[in-house]
Every structure is written in structure tokens, then in C-alpha cells.
Amino acid sequence: MIRPATSNDAKAIAAIYNYYILHTQITFEESPVDEQAISIRIHAEPKLPWLVFEESNQVIGYCYATPWKSRSAYRYTLECSVYVMDSHQNKGIGKKLYLTLIQNLKNKGFHSVLAGISLPNKVSVSFHEKLGFKKVGQLEQVGFKFKEWIDVGYWQYVLNK
């Protein structure tokens, strides 16, 4: 079941996210986050969705949208992210979350959503492209994690053409 995230989900979301912080270059955060930090993020932008995928009363994935830039002319463009518990990868959970998020954002009148992907990352690139995201650019060596410089590519999905 997909539903809006609440502060009660913050501990489970932090556990999912901390795996990626500690073991991957998918996120550029380098220190684990706690329940309180996630709760603050969930409520930081009340008009923007945080969604969770729950199965058997356990949160196993989540996605969200945040403002892309703070300047007012960017107000219809967002950035999105999705994370699924490592043990539940490749079961369609991320796709279900993103499709729900995209529809939610369309309904709210947003125009465009961007996904920043650390590169190389064939799985994430393929995932986004299958959903209709198009590559629009790449920044070289903008992140430094695990003693390595990392490029970030940007994929865009135009919600309301």
C-alpha cells in the first residue's frame, strides 16, 4: 500500500536511507541520519509529498519531492528521489512509488520534475528512462565520497506538456 509518510515512519525511512548513505554513492550524504532529521524533512515542505510503500505493516520504500531551486521562477520544478529497502529491490516498488508521486505532482499543477543520479549507475538510469525521464545534462566531478570524485547526471520528466 502506498500512503503519505508521517513522523511515525521516520525511523523506518532513516533505516532504509542509512543503508544507502553508508554503502553507496547514490546519495552524497556521508553520515547516518536519525529519526528526528527525517521527521523534519517530511514536514519541511507541507505542500510536497513524501510517500511510503508499506507491506505487512512495514515501510519498505519511500519517495519524495523537494523544491529544485529557491528562486520563484523555479516554483513549478521539483527534484525527486526514491529509495527501497535493499532486500526488496527489483520488485516494482520503486516504480509504483514514482508513478504515484508523478500523478500527485501533476494533480498539484507542477510542471517538471528532475532526478539527479550519481554516475555511473546503470540501474537508476534505466529505471528513470523506462518511466519516461530524459537525460538533460551532466555535471562532472561535483561529489566526493569514499575517496572518489563522482559525476551527477540529471534526468527530467515534464509532467504537464
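Every read-out reported here was derived from the displayed coordinates using simple, explicitly stated rules and does not represent laboratory data. Just so it is clear, the structure is predicted and the values come from calculations on it, not from any experiment. FYI the Cβ positions are ideal-geometry reconstructions off the backbone, even for glycines, and counts take in every protein chain you see.
Loop-located chymotrypsin sites (Phe, Trp or Tyr not before Pro) in the range 24-110 (DSSP state other than H, G, I, E, B) with a sparse environment of at most 16 neighbouring Cβ atoms within 10 Å: 28, 76.
As a ratio to 2.2 N^0.38 Å, the alpha-carbon radius of gyration computed for the range 44-92 takes the value 1.42. Only helical runs count toward this figure. For the chain, summing -39,500 (n - 2.57) over DSSP H runs of n ≥ 4 and dividing by all residues gives -9500 deg cm²/dmol at 222 nm. Calculated from the structure at hand, percent of Cα pairs over 24 Å apart is found among (1) 47; (2) 33; (3) 38 as (2). Prolate is the label for the range 1-53, because a/c, from the alpha-carbon gyration tensor with a ≥ b ≥ c as root eigenvalues, is 1.5 or above and a/b exceeds b/c. Ranked by how many other Cβ atoms sit within 10 Å of their own Cβ, fewest first, the residues 27, 6 fall in the order 6, 27.
Across the chain, the relative contact order, built from alpha-carbon pairs under 8 Å that are at least six residues apart, equals 19 percent. For the listed peptides 135-143, 112-120, a ranking on the average number of other beta carbons within 10 Å per residue, highest first, reads 112-120, 135-143. The alpha-carbon atoms of the range 98-161, seen along their principal axes, cover 42, 19, 18 angstrom, with the largest extent given first.
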